[in-house]
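The values are calculated or read from the model by the stated rules, or taken from the named source; none is laboratory data. Since the model is a prediction, treat every value here as computed from it, not as a measurement. In this analysis, Cβ positions are derived from the backbone assuming ideal geometry, glycine residues included, and neighbour counts consider all displayed protein chains.
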Amino acid sequence: VGEQWLSSAVNGIVASVSANPGDTVEQGALIATIHPNSAMRLEVLAEEYDLKGITVGQAVTISFANGLSVEGTVESFGGIQYVEEETTTDTEEEEDEEEEIAYFSIYIAFTPTEAIAYGMTGEVSFGE
């Protein structure tokens, strides 16, 4: 049959591949997941006590301390896209007492610059 290539209308990073060379797949089957370069999403965990000032659509500033720039810090701007209703919990010890704290996942959409790469860690400022 010779070599065959797959192409995508989206430029980005291949995050996962669901099929192997030589596999037979049905038309329309998912064979790969691509994270587009034109838009990224950051997941942030927030303590339950911090949720009262966080709303969907709220603007945020994201700082990437290890940005691929000469300055070393890159900022981007985005908005809160979604707040997860389910929580994860963790136990913290404070003054010989244990306290269980709930954390909520907050998803922030932003447009990256050339200095921001997929998988980098960012710090989010929610503003006042």
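Of note:
- Scanning segment 104-119 for residues that are in a strand (DSSP E or B) and under 9 Å from the mean Cα position of the chain (by Cα) gives TYR107, ILE108, ALA109.
- Unique match (being within 26 Å of SER125 (Cα to Cα) and at pLDDT 90 or above) among GLY72, GLY67, GLY57: GLY57
- Those strands (runs of 3 or more DSSP E) of segment 1-90 in which at least 1 residues are without any contact (Cβ under 8 Å) to a residue 24 or more places away in the chain, considering only elements entirely within it, cover 12-17, 32-36.
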